[in-house]
Amino acid sequence: MLNKIRWLVSGNGQHSEYADIVVSSRVRIARNVSQFNFDVKLKPADAERLLQFLRTTIGSLIKGEYIDIRQISALERESLLECHLISPAFLRKEKPTGLYISEDGDISIMLNEEDHLRIQALAAGMNIQQIADKIFSFEDSIGAELDFSFDETYGFITSCPTNLGTGFRGSVLLHLPGLVFTNEVEKVLKGALQIGMAVRGIYGEGSEIKGSLFQISNQHTLGLREEDLLQTITKLTSMIVDIEKKARDVIFSKARHEFEDKIFRSIAILRSARIISTDEVLNLLSAVRFGVGTGILKEVNLDVVNEIMLVSRPANIQLFYNEILEEHERDVRRADFIRSRLSRKTA
Amino acid sequence: MLCDDCKKNPATIFFKEVLPEKVVELHLCGSCAHKRGLLLTKKMSPIEMLQRLLKEKSAKDEQIICGKCYLSLAEFKRIGRFGCVRCLETFKPYIKNLIKQIHHSEKHVGRHAEHGKQKGYEVYQLREQLKKALEKEAYEEAAAIRDKLKKFGVESAE
Ligand SMILES: [Zn+2]
Ligand SMILES: [Zn+2]
């Protein structure tokens, strides 16, 4: 199951520029098949028929793995969620649901989520255009097989009116410790809101360098072309990256020692801890990511940082060791895992 | 209750958002909410806008019913979801304004669905029937299904 995170760690150290600032990119489109009712009016037996139909059709188009969500353990389901391959709403569904993951791991399709198909692609770094291209080329092939619900005025018809039109959501996850330090987050994010992007600073635990993760995504799906949305997100991201880099210069002129101290203490704790919680890992990794991105920490690469970020999560760490673990035991094993990952590179 | 972020100041702002990916709940002090940029997201999100607009009900809502899935406009306003491909067409005159306010637009631009060519589900069904017919060695039935498949321009070697 854990090979599902290939999308985040497939860089083999060869990351796109600023991959420490742009952590990951994501695109999803929502589609429905005309012949079948939507979620709220879909009878369980029809949901089952639809599922088989979609599974067969997708299977004939792309090589990959089909996961019947009912057939896997609660732990595996939780892990798919932690790897961002499924949504919490998907887990709560009582109707039959399935997940199709392409062989190379970069396209995943939720079947019978709120929409019949939620096609998504994820990648590390700033790769939103590339993954969008993948999604659309897949959509072209599956669109020749399925009659998608479509309205000339309102575009693709989705279960929820907020997705009408393109059914397109593009997002990037940004790591912005510099902007948090210089107190410019609000200014930057306000600009994003004005051009129709939603901004959320929900990931981090705390302020300062600890969390510093922000997600931007398009708010609206009607009246905007996919390529325009992609361009807006791309431009906005590169603008934010520039400001973040300037803010980092400020950090180095004003608080270099403090930040270096934080970075080296963080990596030291990760390398030495015997018990560590998911939250603590996230906070320490933020400092480490900053250190790697600014070249202060040379012996760690972003693949390892990304891998630790995902595998450290509660269900993933249990799957990694293939054991059901109590919280305390998880904290111990998580520390083991992180030490093994961080020592390999530095021996 | 103390602020989730700084764990020092009392939490004065309760932030809850239902995202497609997760439900986020945060209790923050003013200064931490500010740092996260949460105070400026006060601009209503499409989902919040939808929830607010759906509260505008009308007596006729119960009578406006989709002919395919039988979802009424009243029910749509309760759940905020369409029941099928035809609901939109049925409710269009009544929710035009709602859609416009959510999206700041009234017209789709961008990718289109190719209509009319796909026989996906019917062909899939026929193929499944053919498989079953062959399993139970009902060759006449199988031949009839093959003929139907040919009408879709599908050759079936199975
Ligand atoms: Zn606070
Ligand atoms: Zn309907």
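Looking only at region B:3-16, which residues are surrounded by fewer than 16 Cβ atoms within 10 Å (Cβ to Cβ) and near ligand 1 (Cβ under 8 Å from one of its atoms)?
Those that are surrounded by fewer than 16 Cβ atoms within 10 Å (Cβ to Cβ) and near ligand 1 (Cβ under 8 Å from one of its atoms): B:Lys7, B:Lys8, B:Asn9.
Looking only at region A:129-166, which residues are crowded, with 20+ Cβ neighbours inside 10 Å, among the aliphatic types (A, V, I, L, M) and facing another protein chain (nearest Cβ under 7 Å)?
A:Leu146, A:Ile157, A:Leu164, listed by residue number.
So which helices (runs of 4 or more DSSP H) stay within region A:248-337 end to end and still have 3 or more residues that are among the β-branched types (Val, Ile, Thr)? Break it down into steps so the answer makes sense when it comes.
Values: elements: A:256-272, A:278-293, A:302-311, A:314-321.
By residue number, A:256-272, A:278-293, A:302-311.
I'd like to know if region A:227-240 contains one or more residues that are under 23 Å from A:Ile296 (Cα atoms) and away from chain B (no Cβ under 14 Å). Explain how you work it out, then say what you get.
Step one: list which residues in region A:227-240 are under 23 Å from A:Ile296 (Cα atoms), which gives A:238, A:240.
Next, from what is left, pick out any that are away from chain B (no Cβ under 14 Å): A:238.
Yes; the residues of region A:227-240 include at least one that is under 23 Å from A:Ile296 (Cα atoms) and away from chain B (no Cβ under 14 Å).
Could you run through region A:67-96 and say how many residues are in a loop (DSSP other than H, G, I, E, B) and either more than 15 Å from A:Gln120 (Cα to Cα) or of a type in the set (A, V, I, L, M) (or both)? Spell out the reasoning first.
Looking only at region A:67-96, we keep the residues that are in a loop (DSSP other than H, G, I, E, B), and these are A:72-73, A:83-87, A:93-96.
If we keep only those that are either more than 15 Å from A:Gln120 (Cα to Cα) or of a type in the set (A, V, I, L, M) (or both) too, we end up with A:72-73, A:85-86, A:93-96.
Final tally of qualifying residues: 8.
Where residues in region A:88-112 are in contact with a helix residue (DSSP H, G or I) (Cβ under 6 Å, 6 or more places away or on another chain) and touching a residue at least 60 places away in the same chain (Cβ under 8 Å), which of them is nearest to B:Val85 (Cα to Cα)?
A:Asn112
Could you run through region A:167-187 and say how many residues are crowded, with 23+ Cβ neighbours inside 10 Å and farther than 20 Å from A:Asn283 by Cα?
Total satisfying the criteria: 3.
Just so you know, all these numbers are worked out from the coordinates, no wet-lab data involved. It should be emphasised that the depicted structure is a prediction, and the values quoted were computed from it without experimental measurement. No Cβ is skipped: glycine too gets one built from the backbone with ideal geometry, and neighbour counts run over all protein chains shown.
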